[in-house]
Amino acid sequence: MSAAATGVEDSPLAIVCGAGSLPFAVADAVIRRGRRVVLFGISGVADAAKIAEYPHRWGSVGQFGRLQRLLRDAGCRDVVFIGALVRPSLRQLRLDFKTLTLLPKIAAAFRGGDNHLLSGVGTIFEQHGFRLVGAHDVAPEILMPEGPLGKIHPSQQDREDIETGFAYLRAAGPYDVGQAVVVSGRHVLAVEAIEGTDRMLARVAELRVSGRIRAPAGRGVLVKAPKPTQDRRFDLPSVGPQTVEGVAKAGLAGLAVIAGETIVADPAEVAAAEDRLKVFVVGMKAVTAQ
């Protein structure tokens, strides 16, 4: 649902910030559209220096009661969750009293993959009068367009590997594991799990150095796509300059994502990085991943 459809454009948008640059890209896009924002940084995770540049508050994972009060005090009803966050265990959470009263629901949300957990958290927020929206709904310009971002295009062989990658992600989607896979010669070389895309790419680079990957440099692709049943308000796949650097270091030809369903951090820098490193970044039609 877009901000225009909510009927509350005059109220500030709450952006709950994890790590990385994406929260600030979203904030800047929303501000350019004329809407106020208030950033709610997760202590020990979000970039404190960057958050200080915006109206902001701080809170910790497991303190829903405090966050609820801060959101209402700031006049926020619409809430966006964006940025990286390592999934905590229940034992690591410093629960406030309100969160303790919700513990059965929270425990149920933890019994599943990341998508199950995030959807459960979203339900709790909505039951308390907040509206959870996707970052792409309030800032659609952050989404990957169709086609290559830079000058490099995938070859026919690359496209075959891309199709294989999307097919794998469709098949693995029900298990709520990861959003990325590396394919070369229609052979799956690596699958993203809890380590995340950057570390998966580092693992591919190490396997290539050790001789476990025999494909020549410049062959193979990173493919990213949301899970088929994923709640699109949370955790859409994202790529940025660091992803492009990882693709190049892993000796791959490029990366492919679903156009309109992938967030691009710093698109101008991504395009510059792919042209400099001679790899492609391409957005494919969603039908490719069906």
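Observations on the model:
- Per-residue Karplus couplings for region 154-161, computed as 6.51 cos²θ - 1.76 cosθ + 1.60 with θ equal to phi - 60°, are listed in order as x, 7, 4, 5, 4, 5, 5, 5 Hz, Gly and Pro entered as x.
- Each Cα pair under 8 Å and six or more residues apart adds its separation to the average, and for the chain the resulting relative contact order is 18 percent.
- Relative to the globular-protein estimate of 2.2 N^0.38 Å, the Cα radius of gyration of region 143-289 stands at 0.93.
- Ellipsoid semi-axes for the chain, based on the Cα gyration tensor and the rule √(5λ), read 34, 21, 17 Å when sorted largest first.
- Considering only alpha-carbon pairs that sit under 8 angstrom and 6 or more positions apart, the relative contact order computed for region 143-289 is 35 percent.
- Net lengthening on full extension, LYS98/LEU207 (0.36 nm per residue, minus Cα-Cα): 34.5 nm
- For VAL45, residues with placed amide H under 5 Å, excluding near neighbours: none
- Rg and Dmax of region 202-252, based on Cα coordinates, read 13.7, 40 Å.
- Residue exposure sequence - VAL223, VAL244, VAL38 - by fewest surrounding Cβ within 10 Å: VAL38, VAL244, VAL223
- Length gained on full extension, THR123 to ARG186: 18.8 nm, using 0.36 nm per residue less the C-alpha separation.
- Taking ARG77, ARG186, ARG214 in turn, the Gaussian network model of the chain (Cα-Cα springs below 10 Å) assigns the largest fluctuation to ARG214.
- Fewest-first ranking of ILE82, ILE42, ILE194, using other Cβ atoms within 10 Å as the exposure measure: ILE194, ILE42, ILE82
- Each helix, a run of at least 4 DSSP H residues, gives -39500 (n - 2.57); summed and divided by the residues of the chain, these come to -11000 deg cm²/dmol at 222 nm.
- Within region 150-186, backbone nitrogen closer than 18 Å to the virtual label 7 Å beyond the Cα of ALA272 toward Cβ: 150-152
- Peptides ranked, highest mean first, by Cβ atoms within 10 Å: ranges 215-221, 249-255: 249-255, 215-221
- The chain - share of DSSP beta bridges that are antiparallel (%, nearest 5): 30 percent
Values in this text are rule-based calculations from the coordinates and carry no lab data. Remember, it's a predicted structure, so these values are computed and weren't measured experimentally. We place every Cβ from the backbone using ideal geometry, glycine too, and count neighbours over all the protein chains shown.
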